[in-house]
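Read through the structure below, which is laid out as structure tokens, and then see the notes.
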């Protein structure tokens with residue numbers, strides 16, 4: 001069954017659906033999320049008891065046999081203060097034992113942009129599984145922006161709502177003010193604040209890790225950045241460069257706040273550390 005729309009305006013597209021069809025698009029999203037009233041999913045943290053309103057400039061199509069709704073043309077899904085925009089939105093639903101239906105997966109294609117308080121996610125393609133409460137974003141210009149940090153990746157972004165973690169794969173980069181952490185794979189741990197916004201509190205980095213601050217450049221195989229304590233730790237083939245001075249070891253702890261760095265040959269504090277300290281260019285000593 002195809003419900004025609006009009007490209008001239010969203011209002012006209014929705015009007016063509018009629019009262020019953022428009023209610024179906026909105027209300028059929030309700031059952032799948034009604035049991036998750038405290039969910040912080042991308043379509044509305046803490047607002048999962050609310051229905052999702054869908055608009056599209058080129059109309060909304062209901063494919064009954066395939067059990068999908070497809071909204072095309074600058075499509076927008078809104079729930080509370082959270083909004084998902086894309087060229088096309090597809091909602092997959094299933095039948096329940098009591099005769100009702102529930103949405104279990106939502107796809108967004110083309111110029112995807114998801115916004116909620118304190119967070120914006122962008123990419124080319126996104127899939128949100130309501131059962132697993134996992135959001136996966138792929139394509140170009142993958143990016144998560146919060147009030148204080150920016151997380152980018154080349155291959156994919158994944159947000160796990162239950163664990164409140166974001167996984168960035170492929171040249172992952174986190175930038176916070178004048179600090180930058182780069183790695184092959186990065187996992188960001190979030191905490192929800194009293195105002196409902198998510199705050200990044202910890203970053204785990206794996207593979208070709210680089211940490212840049214105004215005074216220090218450090219590399220290693222693995223890294224862990226405790227944002228609350230402002231302490232970074234590196235393990236495996238660690239190199240810390242400060243100005244012209246370089247220190248090599250297997251473990252490093254850098255306190256960004258105090259500027260104190262500690263290196264050792266291992267995480268237990270044992271082992272040899274190599275250093276290369278160059279004299280000042282203005283020094284007269286050989």
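Bear in mind that the values in this text are calculations on the coordinates, not laboratory data. Being a predicted model, the structure only gives us computed values, none of them experimental. All Cβ positions, even for glycine, are placed from backbone atoms using ideal geometry, and neighbour counts span all protein chains on display.
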| note | Placing each pseudo-label 7 Å from Cα in the direction of the beta carbon, residue 148 and residue 208 end up separated by a distance in nanometres of 2.9 nm
| Potential extension, residue 164-residue 229 segment - 0.36 nm per residue separation minus Cα distance | 21.4 nm
| task | Please give the direction-averaged projected area of the C-alpha convex hull for the stretch 176-276, in square nanometres with one decimal. | result | 6.7 nm²
